[in-house]
Amino acid sequence: MDNFIDRISISIQRGKIDANSPYPPDMKGEPGADELTREALQNGVAANDILTLAMIPAMGIVGELFKDKKLFVPQVLMSAKAMNSAMLHLKPYFTSGEIKQRGTFVIGTVSGDLHDIGKNLVSMMIEGSGWRVIDLGVDVKTERFIEAVQENPGCILGMSALLTTTMESMEKSVRQVRSNYPSQRILVGGAPLSKEFAFRIGADMYAPNPQVAVEYINSIA
Amino acid sequence: MSYTPRERVMAAMNLQKPDRVPLMCQFSIGSMMQQLKPSPAEFWYDGELFALGLVELCNRFDFDGILVSLHGHSPDWRDKVISFKELEEGRQELVFEDRQELHSWTDLPMVKYFDKAALKNIDDIDIDNDVPDVIDYIPVSQNLYFKIDKDHPFDIFVFLREMVGNTYSIHGEITSPFDYLLDLLGYEQGLISLIMNPEKCKQILQKFTDGITKLAVEMCKYDIDAIKISSPFAGMGFISPEHYQEFVLPYESQFIKKVREAGKHVYIHTCGHIDDRLELMQLSGASGLECLDPEPVGNVDLKDAFNRIGDKMFIKGNIDSVNSLLYASNEKAEEDVLKIIETGKSGKGFILSTACSIAPMVTEERLHILSKLAESAGKYS
């Protein structure tokens, strides 16, 4: 089992999707996260072990390296793709209830803002740490955030903004959600934000990078 | 000796010290809207109105130069408008054949395309047909483009010189080939393609570079002093130094060389964290660097940057528009700006500026502090 766990983990860390993928060059022709996960399941490795011992720790390592600027967005995207290829094999186990996600994370870019790079990276990393992610997209109105919270009791809500102008939309959305759901956990992020701003508008946490978001939501799950 | 604003900026770009630190910030579109409260759609599309606004703001805040962030305004832009609706004060909706645009005093226009084609897979990109020979658009922001009228690509520089004479330094702006690549492919596919299909990326980059070089060389024929290269995705927040060397530097260097041969200055604007690549940016041959965002938006220490590249490049920066100008108290804002002026003065070529563009909601009063401090604390003795 350890052999599969290690190899799946390395495939995800290195962004090796499948045998056909030419990346990374030194793993050309080798099986990737896709084949290894399928084989692991066929060989009796428990789906939960693949998730908790290989996939989640691998994405955690990727997140740490990204935070420390030792990995960059292209490599992180490749790791996320490798993880998704492994995750497809685990879907039936989620459906059957044999393995469970840690919780639900709802995320969107706030009203008036069409930028999605940061939001997508956070979504990928959080999904990779074992959460169900509901991505509301970009230009999300306050009402939609509120509906999503209502539809997903117990979820954690994330909001992203890249523009200083849309920080105002974020403030409005955070205050309105907080007003309707006082105990709702809200995480915010985006290039122009700061911890001070996040706390001033009533958010629970400011994530300057995806890994901080992952650590925060895992700490309260 | 007293300098004109233009001379002051030129001296700094030539790595000399004028009478005082020159001041020249770039306005975001939202900031211009907030300060001028124009008819937002007309301000966006009408080159003469845009030029008037730039001059008004430069005069109002005692800046030494004007950055022209949009060029190529079409005098016939109204011909393509199907409907123009005033929604409320400072908010207008325009409908064109292919899109709906919402213009407001808040920020950039929001655009919805009625039937936008999906992004092509990089393998399906036909470089001859899908990458233009002539650059006729500016990728302003996600899903927002400014069309360059091929018959009037640089009229705005003529309007501006007619209005300001020789007084102010005027700078044009060109977008980096790397930005055009990411726009063509979409950010995710674009960034992944750097490692999955690097050779095709390089072919696309070269075609864009050829077009951008032609555009930049033509721009240099006008009475401008410098061209700013907008290269927001070339920092540590996105790509490694190795990718910078492979996919950004060789292409930006090509048209930087041509601009320098045309006798104009050229400086690179890359947002966020760039501390690990200052020396690489210097290798481009550019005359200066803009932005150099400090913590928390970036990671550049201005003094360290001067020590590392200041002998060969001028620096234009690095006031944090959000944390120092938008949200700080007056005392903190002044303290931050004074510190930057003091550090900047110790370097060879320095222009006081916001790192990134002025955030839209920065107040008029706060902007006046900049010229007051440049005047009181920025004199070279």
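The values are calculated or read from the model by the stated rules, or taken from the named source; none is laboratory data. Keep in mind that what you see is a predicted model, and the values were worked out from it rather than measured. Note that each Cβ is placed from the backbone with ideal geometry, even for glycine, and that neighbours are counted across all protein chains shown. Heavy atoms of the whole protein, side chains included, go into the accessibility calculation; ligands, DNA and RNA do not. Shrake-Rupley method; radii C 1.70, N 1.55, O 1.52, S 1.80 Å.
Between B:Asp130 and B:Lys17, the C-beta separation translates, for a Förster distance of 51 Å, into a calculated FRET efficiency of about 0.60.
In a shell of Cβ-Cβ distance under 13 Å around B:Met219, excluding B:Met219 itself, what net charge do Lys and Arg (+1) and Asp and Glu (-1) give?
0
Of all DSSP bridge pairs formed entirely within the protein assembly as shown, close to 30 percent run antiparallel.
Averaged over the residues of peptide A:68-78, the number of Cβ atoms from other protein chains lying within 10 Å of each residue's Cβ is 6. Using DSSP, restrict attention to beta bridges with both residues in chain B and report what percent are antiparallel, rounded to the nearest 5. Looking only at bridges with both residues in chain B, the antiparallel portion is about 40 percent.
With 18 Å as the limit on Cα-Cα distance, the pairs of B:Lys207/B:Lys258; A:Lys28/B:Lys120; B:Lys120/B:Lys200 that go past it are A:Lys28/B:Lys120.
GNM on chain A, alpha-carbon springs under 10 angstrom: the most fluctuating residue among A:Ala203, A:Ala82, A:Ala19 is A:Ala19.
Averaged over the residues of B:25-33, the number of partner chain Cβ atoms lying within 10 Å of the residue Cβ comes to 1. Checking the Cα-Cα distances for B:Lys17/B:Lys228; A:Lys16/A:Lys69; A:Lys16/A:Lys67; A:Lys69/B:Lys312 against a 24 Å cut-off, the pairs over it are A:Lys69/B:Lys312.
The alpha carbon gyration tensor of segment B:193-256 gives principal lengths a ≥ b ≥ c with a/c of 1.5 or higher and a/b no greater than b/c, which makes the shape oblate.
Based on DSSP H segments of at least four residues, each scored -39500 (n - 2.57), chain A has a per-residue ellipticity at 222 nm of -16000 deg cm²/dmol. Count Lys and Arg as plus one, Asp and Glu as minus one, and take only other residues whose Cβ is under 13 Å from that of B:Phe114; the net charge is then -1. Most tightly packed first, judged by the mean number of other beta-carbon atoms within 10 Å of their residues, the peptides A:50-62, B:345-357 read B:345-357, A:50-62.
About its Cα centre, the dipole of segment A:2-96 is roughly 340 debye, where the only charges are +1 on Lys and Arg Cβ and -1 on Asp and Glu Cβ. Packing here is the average count of other Cβ atoms within 10 Å per residue, and on that basis the peptides B:69-79, A:39-49, highest first, run B:69-79, A:39-49. The slack between B:Lys303 and B:Lys372, meaning 0.36 nm per residue of separation minus the straight C-alpha distance, is 22.6 nm. Ranked by the mean number of other Cβ atoms within 10 Å of their residues, highest first, the peptides B:365-376, B:169-180 come out as B:169-180, B:365-376.
Which whole-number value in Å² is the accessible area per residue of segment B:251-296, probe 1.4 Å?
Normalised by residue count, the accessible surface of segment B:251-296 is 32 Å².
Once the 1.4 Å probe is applied to the protein heavy atoms, segment A:104-220 comes out at 36 Å² accessible per residue. FRET efficiency for the pair B:Asp223 and A:Lys172, taken as 1/(1 + (r/R0)^6) with r the Cβ-Cβ distance and R0 = 41 Å, rounds to 0.35. Within the listed set B:Asp64, B:Asp133, B:Asp320, the Gaussian network model of chain B (springs between alpha-carbon atoms below 10 Å) gives the highest mean-square fluctuation for B:Asp133. Given R0 = 35 Å, the distance between the Cβ atoms of B:Lys120 and A:Phe199 translates into a calculated FRET efficiency of 0.20.
For segment B:205-244, list whatever residues lose no less than 50 Å² of accessible surface once every protein chain is in place, relative to that chain by itself, with the probe at 1.4 Å. Output list: B:Met236, B:Phe238.
With respect to chain A, whose longest principal axis is taken over its alpha-carbon atoms, helix A:56-67 is tilted by about 60°. For the protein assembly as shown, the share of accessible area belonging to carbon and sulfur comes to 50 percent (1.4 Å probe, ligands and nucleic acids excluded). Charged neighbours of B:Tyr137, selected by a Cβ distance under 12 Å, balance to -2 (K, R count +1; D, E count -1).
The B-A contact accounts for approximately 2600 Å² of buried accessible area, totalled over both chains at a 1.4 Å probe radius. For chain A, the longest principal axis of the Cα atoms and the long axis of helix A:73-96 meet at an angle of about 80 degrees. Here's the picture: charge each Lys and Arg Cβ at +1 and each Asp and Glu Cβ at -1 in chain A, and of A:Ser160, A:Ser85, A:Pro74 the one pushed furthest to the positive end of that dipole is A:Ser160.
Of the residues in segment A:164-180, those shielded by at least 10 Å² of accessible area once partner protein chains are present, compared with the chain alone at a 1.4 Å probe, are A:Thr164, A:Thr165, A:Met167, A:Glu168.
The overall shape of segment A:104-220, judged from the alpha-carbon gyration tensor, is rounded, with an a/c ratio under 1.5. Please label the shape of chain B as rounded, prolate or oblate, based on the square roots a ≥ b ≥ c of the eigenvalues of the alpha-carbon gyration tensor (a/c under 1.5 means rounded; beyond that, a/b larger than b/c means prolate, else oblate). Verdict is oblate for chain B.
I'd like the mean, over residues of B:98-110, of how many other protein chain beta carbons sit within 10 Å of each residue's own Cβ.
Working: counts 0, 0, 0, 0, 1, 0, 2, 1, 6, 7, 4, 0, 5.
Other-chain Cβ atoms within 10 Å of each residue's Cβ, averaged: 2.
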